[in-house]
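J.: The structure that follows is given in the form of structure tokens.
All of the numbers you see were taken from the coordinates with simple rules; none came from a lab. Small disclaimer: the values here were computed from a predicted structure and weren't measured. Here the Cβ positions follow ideal geometry from the backbone for every residue, glycine too, while neighbour counts run over all protein chains shown.
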Amino acid sequence: MTVVIALVSGLVMGLGLCVSQMVNPGKVIAFLDVSGNWDPSLMLVMVGALFVTIITFRLILKCRKPFCADQFNLPQKKGVDLRLITGSALFGVGWGLAGFCPAPAFASLAFGIRESFVFVGAMLSGMLAYKIWAEGRR
């Protein structure tokens with residue numbers, strides 16, 4: 001049952017990314033270009049997602065436990081550190097330069113967009129490089 005719920009959730013998320021045009025790097029870059037030919041339409045997508053998240057998180061966290069797990073696994077870190085700042089900066093730079101962030105990049109693979117394959121490959125390579133580097137520091 002957990003696998004079915006995960007599959008349906010992923011399909012709904014991917015469909016939402018496609019319908020909202022978050023998989024279109026040109027649309028994303030036009031949204032980020034506030035000093036040029038700005039397209040504010042993605043702001044509606046973000047506000048809608050924020051609205052849904054605020055409501056559903058409040059309802060879900062009132063439950064004793066998640067539907068498909070024994071307990072909630074919420075982040076324990078509350079502070080801002082160098083890893084958070086660096087990760088946020090890399091995310092923002094990648095989003096601004098390529099017009100992709102991780103979830104839309106994966107969803108756009110289904111459309112065969114060449115740039116999404118390059119982005120996902122570079123992202124996975126960066127994740128692997130960080131894992132190797134972090135394990136070497138331990």
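Yes or no, residue by residue, for (1) β-branched (Val, Ile, Thr); (2) under 30 Å from Val4 (Cα atoms); (3) surrounded by 10 or more Cβ atoms within 10 Å (Cβ to Cβ):
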| site | (1), (2), (3) |
| --- | --- |
| Gly36 | no, no, no |
| Ala49 | no, yes, yes |
| Leu59 | no, yes, no |
| Pro66 | no, yes, yes |
| Phe72 | no, yes, yes |
| Leu84 | no, no, yes |
| Ala107 | no, yes, yes |
| Arg137 | no, no, no |
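J.: Which condition number does Val23 fail, the rest of (1) in contact (Cβ under 8 Å) with a residue 24 or more places away in the chain; (2) outside any helix (DSSP H, G or I); (3) over 25 Å from Val118 (Cβ atoms); (4) not aromatic (Phe, Trp, Tyr) being met?
T.: (3)
J.: Could you grab me the full set of residues in the range 75-102 that are β-branched (Val, Ile, Thr) and over 14 Å from Gly126 (Cβ atoms)?
T.: Hits for the range 75-102 are Val80, Ile85.
J.: Kindly evaluate Ser9 against the criterion of being within 22 Å of Ser125 (Cβ to Cβ) and of a type in the set (S, T, N, Q).
T.: The answer is no for Ser9.
J.: Filter the range 62-110 for residues that are among the small types (Gly, Ala, Ser), more than 21 Å from Ser20 (Cα to Cα) and part of a loop (DSSP other than H, G, I, E, B) and give the result.
T.: Ala69, Gly79
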